[in-house]
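Here is the structure we will look at.
The values are calculated or read from the model by the stated rules, or taken from the named source; none is laboratory data. These figures come from a predicted structure and were not determined experimentally. Cβ sites come from the backbone with ideal geometry, for glycine too, and all protein chains shown count toward neighbours. When the accessible area is computed, the model is the full protein with side chains, heavy atoms only, and any ligands, DNA or RNA have been set aside. Shrake-Rupley method; radii C 1.70, N 1.55, O 1.52, S 1.80 Å.
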Amino acid sequence: MKKLIFTLISVILLATSCSLEKMPSGKVSTNDIQSVDDVAKLRNYLYIRLRGMYSGSYIYGGELMSDLFHASIGYGNRGGIYHKWQWTSTESLAESLWGHVYFTTASANFLIQEMDKLAEKIELTDAEKAELEVFYGEAYFMKAAAMFEAVKMFAEPYTKSTSALGMMIVDTYNPTSDASTYPARSTVGETYEYIDKYLGMAATKLAKVPGEVASMFLTADAVTAMQARVALYKGDYATAISKSTSLVDGGKYPLITFEGVASQDDVDAVLEQFNDLWTNDSGEECMMQLYADYAASSLPSSLEYYYISMNANGIYAPDYIPEQWIIDLYPDNDIRTLWFGQHTLTYQNINGKAVILKKFPGNKKLQDPSKATSDYINKIKLFRIAEQYLIAAEAYAYSGDEENANEYLNGLLAARELMHEEVYYKGDGLKEAIKAERVKELIGEGYRFYDLKRYGQGFARSAAQNPSIITNAGSTQTELFSTNASDFRWLWPIPQAEIDSNPQIAEQQNPGY
């Protein structure tokens, strides 16, 4: 990892073929970018980086750190370092994410640099110029998304301090071994200025790329969705409202809904439709669903971290089990109860019943058809319209507009609950209802740790569904672990290898490490 961000891809970049539907098939030398087709190969590589950034440990790690799950007696300390809040400056997840975001940034910077040069090398047609405009927009988006994921993990929330240490800003492709030229960390405020700048540039370049349901590629609507998400994390409620409501009110991405059902057959059809979204990756409700294909050996990491663990004999032995308060959140008429199921869990000679999370059961088209058990691989749903409802509701609530906050909150609930009875929430009750709804809707998708962090409220794990199958039942280290908002581990450590190799950040490690 030494000197990672300044020496990577210095000679050769691995690139995919021109189609995302094929495996990486070759390499493009830094001296070989001679055509728009060459640029397209590198552009597709960025999509692989994007998919990697929103799957696997970067997603489920934050879920295990929070108050959503208990570790079972059979978890074997898998994910234990996150669950027990014991990570250090050499933690592999921090090193991995740090490397991933800066590799992505460097790749995007390189692509931008080569596109800038291309017009000097060859005469471009109008069609090629239009294609490059899209590629520029995608590269700008990748830079913004990478820094957003990093600043959420390694820095204070924007709403707490804009002057606190943020991320190192690397705005050009300039690999070098001269450590004296490496950048120091910017502030949180400067990091978010960078994110906003490049999202704005992406929005301009992709303005003519219309949104479509389950798009594999970035569109104008996908950029808008990210702008809404970033604005919420900043506490920029006016922007969050503007961006999120434009997507919700536009009607292009309708919720699967119980509204208008008139018979049991109608109800069953809605249930099947909702199940198809999560089991077979139908793409409904999604502004963007990233590409995956088993035959092409092009798959994301799973979002499911031993939440199901069913073997070929039908025996369940998950490592992580939802806490009782999670199960209690969902009323019986909530369609999202399809994400859960009660089973007898078996750990050697100990059996016990519990409800487990089955939100990511695995798309059978994305696994070896000869396998008897699931690989738990589903396509990554990068932007869902349900999140935009929640962004609008929260932004309105914190802006003091309770009427509109209730409208968007109830709009989501009307789709999720059969025979939903509208409730008008007020004051802190409204804010708490929206927070609870984020848990109910987004569980397992990587939001909880960062929501708690920006709320600044800490958390306390609570009673298990079944203490007999929970590791160290009653222990404050696991089942009843708690932490307050001042715990230094809300900020992840800058990887020690980076601290050692960059003299500019030698004294800029996060406190506590």
Go through (1) under 17 Å from residue 414 (Cα atoms); (2) hydroxyl-bearing (Ser, Thr, Tyr); (3) outside any loop (DSSP other than H, G, I, E, B) one by one and return the number of the condition residue 257 breaks.
(3)
Would you check which residues across the range 377-393 are open to solvent by 10 Å² or more (accessible area, probe 1.4 Å) and either of a type in the set (Lys, Arg) or without any contact (Cβ under 8 Å) to a residue 60 or more places away in the chain (or both) and list them?
379, 381
Top-ranked residue in the range 62-79 [being modelled with pLDDT of 95 or more and in a helix (DSSP H, G or I); ranked as nearest to residue 493 (Cα to Cα)]:
65
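Name every residue in the range 303-315 that is at negative phi and surrounded by fewer than 21 Cβ atoms within 10 Å (Cβ to Cβ), in order of residue number. Steps first, answer last, please.
Taking the range 303-315 first, the residues at negative phi are 303-305, 307-308, 310-313, 315.
310, 311, 312, 313, 315 - these are the residues of the range 303-315 that are at negative phi and surrounded by fewer than 21 Cβ atoms within 10 Å (Cβ to Cβ).
Can you say whether residue 204 is modelled with pLDDT of 95 or more and open to solvent by 60 Å² or more (accessible area, probe 1.4 Å), as far as the supplied structure shows? Explain how you work it out, then say what you get.
On the way: modelled with pLDDT of 95 or more: yes; open to solvent by 60 Å² or more (accessible area, probe 1.4 Å): yes.
Yes, satisfied.
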Residue match in the range 226-245 (condition: open to solvent by 60 Å² or more (accessible area, probe 1.4 Å) and in contact with a strand residue (DSSP E or B) (Cβ under 9 Å, 6 or more places away or on another chain))
no
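Could you list, in sequence order, the residues of the range 406-439 that are of a type in the set (Lys, Arg) and within 15 Å of residue 261 (Cβ to Cβ)? Full working, then the answer.
Of the residues in the range 406-439, the ones of a type in the set (Lys, Arg) are 416, 426, 431, 435, 438.
Listed by number, the list holds a single entry, 416.
For residue 427, are the conditions met, namely being loosely packed, with under 14 Cβ neighbours inside 10 Å and touching a Lys or Arg at 6+ places or on another chain (Cβ under 9 Å)? Steps first, please.
Working: loosely packed, with under 14 Cβ neighbours inside 10 Å: yes; touching a Lys or Arg at 6+ places or on another chain (Cβ under 9 Å): no.
It is false that residue 427 is loosely packed, with under 14 Cβ neighbours inside 10 Å and touching a Lys or Arg at 6+ places or on another chain (Cβ under 9 Å).
Hey, can you tell me all the residues within the range 260-270 that are over 16 Å from residue 414 (Cβ atoms) and either part of a helix (DSSP H, G or I) or among the hydrophobic types (A, V, I, L, M, F, W, C) (or both)? Full working, then the answer.
Narrowing the range 260-270 to residues over 16 Å from residue 414 (Cβ atoms): 263-265, 268-269.
Of everything in the range 260-270, those that are over 16 Å from residue 414 (Cβ atoms) and either part of a helix (DSSP H, G or I) or among the hydrophobic types (A, V, I, L, M, F, W, C) (or both) turn out to be 264, 265, 268, 269.
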Quick check: anything in the range 271-283 of a type in the set (Phe, Trp, Tyr) and open to solvent by 60 Å² or more (accessible area, probe 1.4 Å)?
no
Look at the range 329-376 and say how many of its residues are among the basic types (Lys, Arg) and either touching a helix residue (DSSP H, G or I) at 6+ places or on another chain (Cβ under 7 Å) or buried (at least 16 other Cβ atoms within 10 Å of the Cβ) (or both).
3
Is there a residue being of a type in the set (Asp, Glu) and over 23 Å from residue 158 (Cα atoms) anywhere in the range 471-493?
yes
Filter the range 153-169 down to the residues that are surrounded by 21 or more Cβ atoms within 10 Å (Cβ to Cβ) and within 23 Å of residue 50 (Cβ to Cβ) and list them by number.
153, 154, 155, 158, 166, 167, 168
So is residue 399 modelled with pLDDT of 95 or more, among the small types (Gly, Ala, Ser), at negative phi and open to solvent by 10 Å² or more (accessible area, probe 1.4 Å) or not?
yes
Within the range 51-105, restricting to residues that are free of Cβ contacts under 8 Å to residues at least 12 places away in the same chain and under 21 Å from residue 462 (Cβ atoms), the one that is most open to solvent (accessible area, probe 1.4 Å) is 86
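Taking only the range 113-128 into account, find how many residues are more than 10 Å from residue 33 (Cα to Cα) and either under 32 Å from the mean Cα position of the chain (by Cα) or surrounded by 10 or more Cβ atoms within 10 Å (Cβ to Cβ) (or both).
Keep residues of the range 113-128 that are more than 10 Å from residue 33 (Cα to Cα), which gives 113, 116, 119-120, 122-128.
Add one more test, that the residue is either under 32 Å from the mean Cα position of the chain (by Cα) or surrounded by 10 or more Cβ atoms within 10 Å (Cβ to Cβ) (or both), and what stays is 113, 116, 119, 122, 124-125, 128.
So the count comes out to 7.
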Near pairs, Cβ below 8 angstrom, 6+ apart or cross-chain, from the range 471-483 (farther than 14 Å from residue 74 by Cα) to any residue that is outside any loop (DSSP other than H, G, I, E, B) and polar (S, T, N, Q):
476/482
May I ask you to list the residues in the range 178-188 that are surrounded by 15 or more Cβ atoms within 10 Å (Cβ to Cβ) and not basic (Lys, Arg)?
182, 183, 186, 187, 188
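Residues to consider are 462, 468, 475; find the one that is of a type in the set (Ser, Thr, Tyr), out of contact with any helix residue (DSSP H, G or I) (no Cβ under 8 Å at 6 or more places or on another chain) and either closer than 17 Å to residue 325 by Cα or open to solvent by 60 Å² or more (accessible area, probe 1.4 Å) (or both). Walk me through it before giving the result.
Working: 462 fails: out of contact with any helix residue (DSSP H, G or I) (no Cβ under 8 Å at 6 or more places or on another chain); 475 fails: either closer than 17 Å to residue 325 by Cα or open to solvent by 60 Å² or more (accessible area, probe 1.4 Å) (or both).
Matching residue, one of 462, 468, 475: 468.
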Looking at 133, 138, which one is closer than 23 Å to residue 382 by Cα, more than 21 Å from the chain's Cα centre (by Cα) and of a type outside the set (Phe, Trp, Tyr)?
133
From the set of residues in the range 478-513 that are open to solvent by 30 Å² or more (accessible area, probe 1.4 Å) and of a type in the set (Asp, Glu), which is farthest from residue 316 (Cα to Cα)?
507
Please find, among 16, 30, the residue that is touching a Pro at 6+ places or on another chain (Cβ under 8 Å), open to solvent by less than 60 Å² (accessible area, probe 1.4 Å), modelled with pLDDT under 70 and among the β-branched types (Val, Ile, Thr).
16
Cβ-Cβ below 7 Å, separation at least six or inter-chain, first residue in the range 282-307 and closer than 18 Å to residue 218 by Cα, second assigned to a loop (DSSP other than H, G, I, E, B) and of a type in the set (Phe, Trp, Tyr): which pairs?
285/253; 287/253
Within the range 436-446, can one find any residue that is in contact with a Gly (Cβ under 9 Å, 6 or more places away or on another chain) and closer than 25 Å to residue 71 by Cβ?
yes
